[in-house]
Structure formats: C-alpha cells, structure tokens
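Asker: Right, I'll just put the structure down here and ask away after.
Every number here is computed from the coordinates shown, using simple stated rules; none is lab data. None of these values were measured; they are calculated from a predicted model. Here the Cβ positions follow ideal geometry from the backbone for every residue, glycine too, while neighbour counts run over all protein chains shown.
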Amino acid sequence: MLTTAYLVVCGASSATRAPELASGLLERFATVLAVPTPHAARVISGWDLVRVPGLRLVESYFDAAIRPSPPPGLVLVAPCTFNSLNKLALGIADNLALSIVAEAIGRQTPVVVALGLNQPLWAHPRARASATALRSWGCQVLEPVPEGDRLALAPTAAILAAVDRALADGPPGGAQSG
C-alpha cells in the first residue's frame, strides 16, 4: 500500500487550487509532498502551499524527503500545463517535478494527470497525442472540462476520485509499490 503522494503543481492559473488538492491527498496518504515546477511560482507561492497543515514542500533534489531517491508513491500532476504534458510524453524531465513524474511512470506507480489547458491548447494535435501516450503507459489523464465558454481544470472532487481509482486499481502492469 502506498503511503506517500506527490502533488506536482505546474504554472497554470488553476495552480491556486493546489492547497485544496493537497488537503484531499492528506486525507488519503500519510505523507504528501508538494513539488512545484519552476513556472508554478509565477502563480502560487511556496508559502501558500506550506500553509496546508501536514503538507511538505520539496523544491530541491537535496531535500531529505526525497533522498537518496524519491520514495515510491502516487503522483498527481494538477494542474498539468501544455508544456509539462508534452515534456512528460516525450520523456523530458528537465526539472525536479517532472523527474519525479518520469520516475513514477518508470516504476509503474500510479500517476494521475489533470490537464489545465485552454480550448486552443487542448485542440492542438500534440496535446491529444501526448495524453494518448501517457494513457498507454498506464497514467490516468483527466481532460479539461467545460466551464462556461472556456475549458478548466476538472473539479477537485473528480480529481480526487481519479486518485481513489488509481489506488483501487493498483500499479499499472502489476508492479510492486511500497
């Protein structure tokens, strides 16, 4: 049974919902580590994240929480931007947050990706192809949902329901988790 969850926060405007998502993860996991991408700081501060009781912010490869290597755990990428979606699908891990996601995919521990894309970016052929690639690797991908006349990050309840499904389904391909 997994006891650790990672909340990877990318630099979309919906990153402001990260504390709410972190609270939901803390109801399910003993340890929750928030790992923002470099661009997330343009939308949400580390202070906004650490104000969630029990959440630990990881901003360095040298943080004791992930040394000598990140412990296996469920990874939730929310919101996932167009840039991060495509990097993940191409195997590019050029920052700590994406490295943790890439390792989880390689370990076959559960990965849930909630897309925070606007209509033109979601309509881009690369976005659809990248989402398909991640799904083929066992990741759960939540598409952006209509909100008025635009697309938005899925509701928190839907994202946490995907986390619950990932936990119930176990690791993709029957890999061991711990």
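Asker: Looking at (1) out of contact with any Gly (no Cβ under 8 Å at 6 or more places or on another chain); (2) of a type in the set (Gly, Ala, Ser); (3) within 29 Å of Ala133 (Cβ to Cβ); (4) not in a strand (DSSP E or B), which is the one condition that is false for Ala41?
Answerer: (1)
Asker: Kindly indicate which of Leu90, Leu134, Leu142, Leu151 is crowded, with 19+ Cβ neighbours inside 10 Å and over 16 Å from Leu74 (Cβ atoms).
Answerer: Leu151
Asker: Give just the number: which of (1) surrounded by 14 or more Cβ atoms within 10 Å (Cβ to Cβ); (2) farther than 20 Å from Val163 by Cβ; (3) out of contact with any Asp or Glu (no Cβ under 9 Å at 6 or more places or on another chain) does Val113 not satisfy?
Answerer: Answer for Val113: the failing condition is (2).
Asker: Tell me yes or no: at least one residue of region 58-74 is over 25 Å from Val145 (Cα atoms) and among the polar types (S, T, N, Q).
Answerer: yes
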